[in-house]
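Below is one structure; the comments refer to it alone.
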Amino acid sequence: MYERVAFRFSPLIRAEVRPRVQGKFIWIGDEKLYVRGVTYGTFRPDETGNQYHNLERVQSDFALMSANGINAVRVYNTPPCSLLNIAQQHHLRVVIDLSADQYIGFLSDRNGAPDIAEIFREEVRSYAGHPAILAYSLGNEIPAAIVRWHGRHRVERYLQKLYQVVKAEDPAGIVTYVNYPSTEYLQLPFLDFFCFNVYLESQEQFAAYLGRLQNIAGDAPLLMGEIGLDSFRNGKETQARVLDWEIRTAFEAGCAGVFVYSWTDEWFRGGAEAEDWEFGLTGRDRSPKPALAAVREAFSQSPFSPDVSLPHISVVVCTYNGSRTIRECCEGLRRVDYPNFEVIVVDDGSVDDSAALAREYGFRVISTPNRGLSSARNTGLQAARGEIVAYLDDDAYPDPQWLSYLARTFMSTDFAAVGGPNIAPTGTRLIAECIANAPGGPVHVLISDSEAEHIPGCNMAFRKSELVAIGGFDSQFRVAGDDVDVCWRLKQSGRKLGFCPAAMVWHHRRGSVRAYWKQQRGYGKAEALLEAKWPDKYNTAGHVSWSGRVYGNGHVHGLLRRTRIYQGVWGSAPFQSIYQPAHGTLSALPLMPEWYLLIPGFAALSGIGKLWNPLLFALPFLALAVAIPVLQSYLSAARTKITRAARPGIPQMRLRVLITFLHVLQPAARLYGRLGCGLTLWRRRSPSVMAFPWPRNFRIWNEHWRAPNERLQSIKSGLRADGACVLPGGDFDRWDLEVRPNLLGAARLRMAVEEHGMGRQLVRFRVWPKPSAGAIALVVLFCGFSTGAALHRAWAGAAILAAMAMIVAARGLQECAAAIGALLSPVVAEERAARAAAVPNLKLAEIVPATGKLRVRPATTVPGETAAAKKSLRQGAG
């Protein structure tokens, strides 16, 4: 190892201008730094191991880089401080590679292993504070086979330990690890930003993979550690063309920067000069290639090309007594870098000075009586003059390029709506920081890496024509839930929603536990309204069933959920991914507010145990019902990355205890709000028509042909219009529709159509009750307990348990009867319509009772309402 001496500050070096991570980007002071970089090296070292011994060459290289719009350099080792000083002179910033990948073999071979942490400590100590440092990289591409050998958890712990060493020596330094697709499954949430080496020669595939990487990075910045093309095999012109679209695509996808591989064709590896490849922007003699001019042009126009005609956007801010935060919101909007937008502030009956504060900034203010959030958003929609309407909450403020990313997403896709991340600001109160890592915050739900099922209301934008076409927002949602409803209505109408990871806003979280409780209680009320309008979106326990994956901070860590890694046969897959199964019923139950109803249930059984001692067995289940949510909350809090060091006297453990408490509190608050608005386990989601719960068969002759799917869809729509919760059958079901009033009972319908030519059809329906397995199990369980108590002459306990069994059975029968009645109504209506459509002298079909075969008979009169038809609801005759 060559000798390194501590650096000396030059007059141009100022320690206060070091880069920092803020949201999805890197900043220097108040300016966003878009990293426009190249890789440098590796070169033939001298006898001391120094690759950068020719400082004149380094000077000329860095001068040429700076002249071509390059502002960052990535090296693959720990360079001398003289290189950092030269970089500072040319306004370049350096990513230093600490080479953790070179030491990982010692995790297994401990004999003679060096102290890796001490090596890192000494390396970082010699650089700490140098303002030419952009970031430290822990390593570059630990081989997939090595990660597979050690196991991903061991490698993750190894990198996290080294991250902590770097942070201890240079707290202001930002740290990454340069990963690649073969080990993309490594979970490294502690990193300050994510960096990937990606080589894809298809623009479509490259853009799609960037979307995946953005979701892996979450709320942290994403940089491309290496992109490039070999001109030796592909030609210099092709190299220039590919680098041009790679750079533009990366920045348009919201990357915080890119490093082009590499500056020069000169490359020393494995003890020899590489002669059979040419990835450089310059030749070995530093003669420029066409790629250098292409990179210079692409960098000069990043992140966006200035020649694009951008749409007019209307930004709508709805406020109600928001004077505490609306000034910050207006300041953020004034810093937005977009050439063609207006701001409309809708004051929804505030009694403070929110409207006056907004007028100070010259924004258009519309004051209305207090009608609720949805009504305010519709007011802004009506007043908007832009073809795109973007909504921002009054306690949020946007990134300067917020509208630019939204507009370009709309221009390049057919999405009707687009949302982006909302990130809690840094420097907030400790409680607000803990709440930012608690569940229940505004999150997005993605169906794919770019298509969304839900985008949160604090950061969402719509094509105005599409939002108007569905009637805007539903005014019954006064506080929350309107964003979920409008997303579902857009999806139901066949439109698509998108997600842009770079269109970010800063969104304040609640500042106290009391405010957090009030917010979550309000969300519970909104869920009750949503469930009443969209019963099929909720399961019987009242939990919304998303088809996509939920992203955001504060997720509860599921117990007994095993992730799997796709790594190919013998680890051969070039793109290796982690697969996490969706929450199943059992793993999701402790995450639901209704889980908290189990606790009084087990407590009641334990209380009956005083009358009959064997029921005291419920005490361990009571303890489990309490312990499981607490355990999940603790595990979730332990996985939380606390971005700010704890204040003096407040260790991070105390913060994690508070986050654990918030995880436990959130479902209770949601449950309180739900119960207050009727979203209960004992609610009934079906019309009031009742029919005895036994199976029925129908045979309906039709002279007018109708597609089976159309017939079923008509029945389904009619049931939903009547307020029933209807579920369609799946790929492996022998039933077509199910009406599910609640948890204990349901009814199903199956249809078959016989085609008889000339447009004639014989339609068969079967309707039957379907009591839930849980209801049957509860009845059997309580009956068994009652019998046991009676045998032990514990008559009071036996009576209570028998009554509980009867209540469950009666409720199950009632729900089955309601479901049967709901399904019979459209079937009987269809039967009556078929009879009414009959004409004189028409040959009608009937079933011969003796043989069960179909025969045709002439009809001389129009069949009317017969006694059998009048009894069809009750008897199922047809």
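The values are calculated or read from the model by the stated rules, or taken from the named source; none is laboratory data. Because the structure is a prediction, the values reported are computed rather than measured. Using ideal geometry, Cβ is built from the backbone for each residue, glycine included, and neighbour counts are taken over all protein chains shown. Calculation scope for accessible area: heavy atoms of the full protein, side chains included, ligands and nucleic acids excluded. Shrake-Rupley method; radii C 1.70, N 1.55, O 1.52, S 1.80 Å.
Quick look at the numbers
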quantity: Considering residues of region 224-242 that are small (Gly, Ala, Ser) and buried (at least 17 other Cβ atoms within 10 Å of the Cβ) only, the residue nearest to ARG296 (Cα to Cα); calculated: ALA240
quantity: The one condition in (1) under 27 Å from SER717 (Cβ atoms); (2) touching a residue at least 60 places away in the same chain (Cβ under 8 Å) that ARG835 fails to fulfil; calculated: (2)
quantity: Boolean, ARG514 is surrounded by fewer than 24 Cβ atoms within 10 Å (Cβ to Cβ) and under 23 Å from ALA208 (Cβ atoms); calculated: no
quantity: Odd one out for ILE800 among (1) open to solvent by 40 Å² or more (accessible area, probe 1.4 Å); (2) closer than 24 Å to GLU738 by Cα; calculated: (2)
quantity: Residue identified as among the aliphatic types (A, V, I, L, M) and more than 16 Å from ARG18 (Cβ to Cβ) among ILE104, ILE174; calculated: ILE104
quantity: Residues of region 286-326 that turn out to be polar (S, T, N, Q) and under 28 Å from the mean Cα position of the chain (by Cα), as a count; calculated: 4
quantity: Pairs with Cβ under 8 Å, 6+ apart, first in region 364-387 and without any contact (Cβ under 8 Å) to a residue 60 or more places away in the chain, second open to solvent by 30 Å² or more (accessible area, probe 1.4 Å) and of a type in the set (Ser, Thr, Tyr); calculated: ASN370/TYR320; ALA376/TYR320
quantity: Filtered residue count, region 287-320, keeping only those that are farther than 19 Å from THR249 by Cβ and among the polar types (S, T, N, Q); calculated: 4
quantity: Cross-chain or 6+ apart pairs with Cβ under 9 Å, region 790-806 first and touching a residue at least 24 places away in the same chain (Cβ under 8 Å), then open to solvent by 50 Å² or more (accessible area, probe 1.4 Å) and of a type in the set (S, T, N, Q); calculated: HIS792/ASN613; ALA794/ASN613; ALA798/THR787; LEU801/THR787
quantity: Total residues in region 120-137, condition surrounded by 24 or more Cβ atoms within 10 Å (Cβ to Cβ), aliphatic (A, V, I, L, M) and not in a strand (DSSP E or B); calculated: 1
quantity: Filter result for ALA502 (in contact with a strand residue (DSSP E or B) (Cβ under 6 Å, 6 or more places away or on another chain) and small (Gly, Ala, Ser)); calculated: no
quantity: Filter result (in a helix (DSSP H, G or I) and open to solvent by 20 Å² or more (accessible area, probe 1.4 Å)) within region 295-305; calculated: ARG296, GLU297, SER300
quantity: Number of the exception - GLY112 against (1) closer than 30 Å to TYR158 by Cα; (2) modelled with pLDDT under 95; (3) open to solvent by less than 60 Å² (accessible area, probe 1.4 Å); (4) of a type in the set (Gly, Ala, Ser); calculated: (3)
quantity: Any hit, region 297-305, residues being at pLDDT below 95 and among the aromatic types (Phe, Trp, Tyr); calculated: yes
quantity: Residue match in region 159-166 (condition: without any contact (Cβ under 8 Å) to a residue 40 or more places away in the chain, hydroxyl-bearing (Ser, Thr, Tyr) and open to solvent by 10 Å² or more (accessible area, probe 1.4 Å)); calculated: yes
quantity: Residue in region 784-799 that is more than 30 Å from LEU615 (Cβ to Cβ), modelled with pLDDT under 90 and charged (D, E, K, R) present; calculated: no
quantity: Counted residues, region 245-280 - those being open to solvent by 10 Å² or more (accessible area, probe 1.4 Å) and more than 30 Å from ALA407 (Cβ to Cβ); calculated: 15
quantity: Filter result (without any contact (Cβ under 8 Å) to a residue 40 or more places away in the chain, farther than 30 Å from LEU712 by Cβ and not hydrophobic (A, V, I, L, M, F, W, C)) within region 769-789; calculated: GLY784, SER786, THR787
quantity: Checklist (1) within 26 Å of GLY37 (Cα to Cα); (2) in a loop (DSSP other than H, G, I, E, B); (3) in contact with an Asp or Glu (Cβ under 9 Å, 6 or more places away or on another chain) applied to VAL308, failing item; calculated: (3)
quantity: Options ALA376, ALA384, ALA407, ALA356: the member that is under 25 Å from GLY524 (Cα atoms) and aliphatic (A, V, I, L, M); calculated: ALA376
quantity: All strands (runs of 3 or more DSSP E) inside region 394-495 with 2 or more residues being small (Gly, Ala, Ser); calculated: 417-419
quantity: Near pairs, Cβ below 9 angstrom, 6+ apart or cross-chain, from region 42-63 (on the phi < 0 side of the Ramachandran plot) to any residue that is assigned to a loop (DSSP other than H, G, I, E, B) and of a type in the set (Gly, Ala, Ser); calculated: GLN51/GLY41; TYR52/GLY41
quantity: Test: residue in region 422-439 that is at pLDDT 85 or above, out of contact with any Leu (no Cβ under 9 Å at 6 or more places or on another chain), farther than 17 Å from CYS329 by Cβ and open to solvent by less than 10 Å² (accessible area, probe 1.4 Å); calculated: no
quantity: Options PRO339, PRO290: the member that is at pLDDT below 95 and either closer than 30 Å to GLU246 by Cβ or hydroxyl-bearing (Ser, Thr, Tyr) (or both); calculated: PRO339
quantity: Subset of region 769-794 [touching a Phe, Trp or Tyr at 6+ places or on another chain (Cβ under 8 Å) and open to solvent by 70 Å² or more (accessible area, probe 1.4 Å)]; calculated: HIS792
quantity: Residue ID - most open to solvent (accessible area, probe 1.4 Å), chosen from residues in region 742-768 that are at positive phi and free of Cβ contacts under 8 Å to residues at least 24 places away in the same chain; calculated: MET758
quantity: Count - residues of region 47-62 that are more than 43 Å from the chain's Cα centre (by Cα) and open to solvent by less than 40 Å² (accessible area, probe 1.4 Å); calculated: 6
quantity: Pair list, Cβ under 7 Å, 6 or more apart: region 250-263 residue assigned to a loop (DSSP other than H, G, I, E, B), other residue open to solvent by less than 10 Å² (accessible area, probe 1.4 Å) and among the charged types (D, E, K, R); calculated: GLY254/LYS24; ALA256/LYS24; TRP263/ASP61
quantity: Residue check, TRP517 out of contact with any Lys or Arg (no Cβ under 8 Å at 6 or more places or on another chain), under 18 Å from GLY440 (Cβ atoms), aromatic (Phe, Trp, Tyr) and part of a helix (DSSP H, G or I); calculated: yes
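This table checks each residue for (1) in contact with a Cys (Cβ under 9 Å, 6 or more places away or on another chain); (2) within 18 Å of ALA390 (Cα to Cα); (3) open to solvent by 20 Å² or more (accessible area, probe 1.4 Å).
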{"residue": "ASP285", "(1), (2), (3)": "no, no, yes"}
{"residue": "VAL308", "(1), (2), (3)": "no, no, yes"}
{"residue": "PRO311", "(1), (2), (3)": "no, yes, no"}
{"residue": "ASN340", "(1), (2), (3)": "no, yes, yes"}
{"residue": "ASP353", "(1), (2), (3)": "no, no, yes"}
{"residue": "ARG359", "(1), (2), (3)": "no, no, yes"}
{"residue": "PRO369", "(1), (2), (3)": "no, no, yes"}
